[in-house]
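Q: Encoded as structure tokens, here's the structure I'll be asking about.
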Amino acid sequence: MRPLTRTEIAANPLFPTIEKQIAEHLIGIHVRTPRLSRLKASHRKWLMTHSLFALSLQRRDDDPLSGLTATRFVEIVMKLGAASRNTATAFLAELVAYKFLRDIPDVPDRRVRVLETTETAYDAMEAWFMGHMACLDRLDGGTREQTATADPRIFRIAQPFAAAHLVEDPAWRDPPDSIGHFLWSDLGGMVLHHLIARIPGTSADAERIDVGPLSLPELSEVYMISATNLKRMFKKAEIDGLLGWQLPRRRGSLWLSRHFVNDYFAWQSAKFAALEQAFHHATGELGITLPVLPSLQPLPVRQAGLPA
């Protein structure tokens, strides 16, 4: 079983379906752990969260000073340009206060603060990973989710591999302007998941995709976003012709432009491809033999490698 390429993933006719599936999965994680999802719902926080989680998983029993330390985390954040030193330090403190990180006791050098993820944070990240494995399985009939569930080491190896790839990949690190103003805002990522989850399955050729009535006050309440911030996100997208309502004063059904959806899909395909590579890297490192799947038929590559 070979890894699917990004082009194959994006061009697969089922890709829009798995986009809806992962959006619904991530919304479910938010419902179960809203405070945790708030800490990674902006793209900047996503980059920081996955970086610190990867550091935590890289801790070794034979090196008590390895893993996640404040110094290592701040260095990575500064290298990425994701946030300032003060913001990175405050983010760590916030995670500790919310009991998503905790201090490792009995560190031999008291000048070094070593942290680890708590069970709540670990379970949420593992659920995030397994949800993506299930989506990739749907594309080719694979057994990634089953295999990773059977051997927890796969997740522990794959998450740092994928995180390192994604934070260095401009296609993921720097989302297109069409969706960027959502993603750089707190909870804007959840808003995008909400919109994608509403896309019907019969919109393949539509230039404007009807996703049904949408009330911004209700959306603000569901995701605990300030009404002002939410209106700012949608106003810019409306001005740019990326979405709009059928009736004046944001009434009636909301539509999304094909350009808006395609940009989102292209951005997401980078993440799925990195996770696909990470899964195969982990199984290869562990010597796990994967089942041989029927050869995939070559898929038509559309413009930008995206679904029509």
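The values are calculated or read from the model by the stated rules, or taken from the named source; none is laboratory data. Worth saying up front: this structure is predicted, and the values here are computed from it rather than measured. In this analysis, Cβ positions are derived from the backbone assuming ideal geometry, glycine residues included, and neighbour counts consider all displayed protein chains.
Q: Being over 13 Å from the mean Cα position of the chain (by Cα), buried (at least 19 other Cβ atoms within 10 Å of the Cβ) and either within 22 Å of ALA266 (Cβ to Cβ) or at pLDDT below 90 (or both) narrows it down to one of LEU4, LEU39, so name that one.
A: LEU4
Q: Where in region 1-118 are there helices (runs of 4 or more DSSP H), lying fully within it, with 2 or more residues that are closer than 27 Å to MET224 by Cβ and without any contact (Cβ under 8 Å) to a residue 40 or more places away in the chain?
A: Qualifying helices (runs of 4 or more DSSP H): 15-32, 70-80, 85-97.
Q: Okay, moving on. Of ALA163, ALA134, which residue is of a type in the set (Gly, Ala, Ser), touching a His at 6+ places or on another chain (Cβ under 6 Å) and buried (at least 16 other Cβ atoms within 10 Å of the Cβ)?
A: ALA163
Q: Limited to region 231-269, what total is found for residues that are hydrophobic (A, V, I, L, M, F, W, C) and touching a Pro at 6+ places or on another chain (Cβ under 9 Å)?
A: Final tally of qualifying residues: 6.
Q: Specify the residue that is surrounded by the fewest Cβ atoms within 10 Å (Cβ to Cβ); the eligible residues are those in region 226-244 that are touching a residue at least 12 places away in the same chain (Cβ under 8 Å) and under 23 Å from GLU19 (Cα atoms).
A: Ranking the qualifying residues of region 226-244, first place goes to GLY241.
Q: A further question follows. Scan region 245-276 residue by residue and report those that are of a type in the set (S, T, N, Q) and touching a strand residue (DSSP E or B) at 6+ places or on another chain (Cβ under 7 Å).
A: Of everything in region 245-276, those that are of a type in the set (S, T, N, Q) and touching a strand residue (DSSP E or B) at 6+ places or on another chain (Cβ under 7 Å) turn out to be GLN246, SER253, SER257.
Q: Oh, and also: Can you tell me which residues in region 101-126 are out of contact with any Ser or Thr (no Cβ under 8 Å at 6 or more places or on another chain), of a type in the set (A, V, I, L, M) and surrounded by fewer than 16 Cβ atoms within 10 Å (Cβ to Cβ)?
A: VAL107
Q: Turning to a different aspect of this structure: For region 141-160, what are the residues that are surrounded by 19 or more Cβ atoms within 10 Å (Cβ to Cβ) and either among the charged types (D, E, K, R) or not in a helix (DSSP H, G or I) (or both)?
A: Listed by number, the residues that qualify are GLY142, ARG144, GLU145.
Q: What number of residues within region 246-280 satisfy the criterion of being within 16 Å of the chain's Cα centre (by Cα) and of a type in the set (Gly, Ala, Ser)?
A: 6
Q: Which condition breaks for GLU207 when tested against (1) in contact (Cβ under 8 Å) with a residue 24 or more places away in the chain; (2) closer than 17 Å to ALA23 by Cβ; (3) surrounded by fewer than 20 Cβ atoms within 10 Å (Cβ to Cβ); (4) not hydrophobic (A, V, I, L, M, F, W, C)?
A: Here GLU207 meets the rest and fails (2).
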